[in-house]
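We did not get these values from a lab; they are worked out from the coordinates using the rules stated. Source: prediction; values computed, not measured. Positions of Cβ are backbone-derived with ideal geometry, glycine not excepted, and every protein chain shown enters the neighbour counts.
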Amino acid sequence: MSDDRKSAAGMSLILAPPSSPVHVVADAAPTQAWLHEFLCSTSAGAVIMPGMMLAEIYLTAGLVILALMTFLWPVSLKTRNAGIVDVFWGTGFVITAWIYFGHTPEGSPARKWLLALLVTIWGLRLSAHIFRRNAGKAEDFRYRKWREEAGRQWWWRSYFTVFLLQGLLMWIISVPLLAAQQAAEPTHLTWLDYAAAAVWMVGFLFEAVGDWQLLRFKKNPANKGKVLQAGLWRYTRHPNYFGDAVQWWGYYGFALSAGAWWTIFSPLLMTFLLRRVSGV
């Protein structure tokens with residue numbers, strides 16, 4: 001190519017219209033840098049970037065729950081007892097709460113610590129209670145019935161109808177735990193946080209004491225076939241389920257303090273499951 005043609009080609013690059021491929025390629029890097037700066041510094045970024053981060057954190061928790069349920073599934077097949085999923089119901093929320101804790105450095109430390117500790121106390125106590133209650137006993141009648149109905153297909157059906165279903169419910173219900181921990185404002189505990197902790201305490205006492213009273217009642221052979229109508233069981237048919245639901249309204253209180261009022265679907269769903277579907 002002659003020098004004149006080289007010069008002409010060079011000028012065509014310089015004078016190329018803004019919509020030409022030359023300018024698109026040349027402007028790609030500056031555009032990406034500008035977009036990043038825009039998202040970091042504008043009100044749009046205040047919504048978009050935290051939302052993207054929350055989605056990643058929520059997805060991480062979902063994958064961990066999936067891994068946990070996938071691990072428990074073959075264990076249940078080997079032991080012929082799907083009740084192991086109930087044992088890990090509370091523990092799964094504990095794991096999820098601490099995943100959210102570790103991935104939300106911008107959240108209010110006081111609220112994060114308080115909420116994570118309350119979930120841990122609730123979840124570990126519940127898992128320990130169910131483990132103790134089920135130890136040495138036959139599979140829960142609900143799972144036994146499903147096993148008989150499914151027949152030879154139970155080995156794969158149980159993965160979807162028991163383990164993945166409970167994992168999905170756990171993932172959905174855990175949303176307030178993330179919403180409450182990711183909020184940087186308010187930086188201090190508010191009256192809503194203290195009220196939420198008080199509600200949680202009432203629920204915890206109802207659940208823990210109710211479970212203990214029922215366990216002691218059933219241990220007495222003289223009570224076989226009878227219905228417990230003493231203690232907390234005098235006031236409500238299922239004080240343990242009532243207490244469980246109340247605690248989740250307490251967790252919602254922390255999310256409400258953080259401005260996440262929309263997570264109300266979580267305690268509503270938990271209350272519905274405990275009242276209409278199945279308590280544990």
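Data overview
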{"item": "Set K78/K224; K78/K112; K145/K219; K112/K219 screened for pairs whose C-alpha atoms are more than 28 Å apart", "result": "K78/K224; K78/K112; K112/K219"}
{"item": "At most 14 other Cβ within 10 Å, DSSP loop - trypsin sites (Lys or Arg not before Pro), segment 218-266", "result": "K224, K226, R237"}
{"item": "Hull shadow area, averaged, segment 167-257 [alpha-carbon convex hull, nm²]", "result": "7.4"}
{"item": "DSSP-loop GluC sites (Glu not before Pro) across segment 55-146, with at most 13 other Cβ within 10 angstrom", "result": "E106"}
{"item": "Estimated inter-spin distance, K78 and W262, nm [label 7 Å along Cα→Cβ]", "result": "4.3"}
{"item": "Dmax and Rg, reported as Rg then Dmax, of segment 50-277 (C-alpha, Å)", "result": "18.6, 59"}
{"item": "Over segment 50-277, relative contact order from alpha-carbon pairs under 8 Å, at least 6 apart, %", "result": "24"}
{"item": "Radius, Kirkwood style, for segment 163-207 when every pair of distinct Cα atoms is counted (Å)", "result": "12.6"}
{"item": "Against the rule of thumb 2.2 N^0.38 Å, how large the Cα Rg of segment 60-190 comes out", "result": "1.21"}
{"item": "Trypsin sites (Lys or Arg not before Pro) lying in DSSP loop within segment 110-142, provided at most 16 other Cβ fall within 10 Å", "result": "K137"}
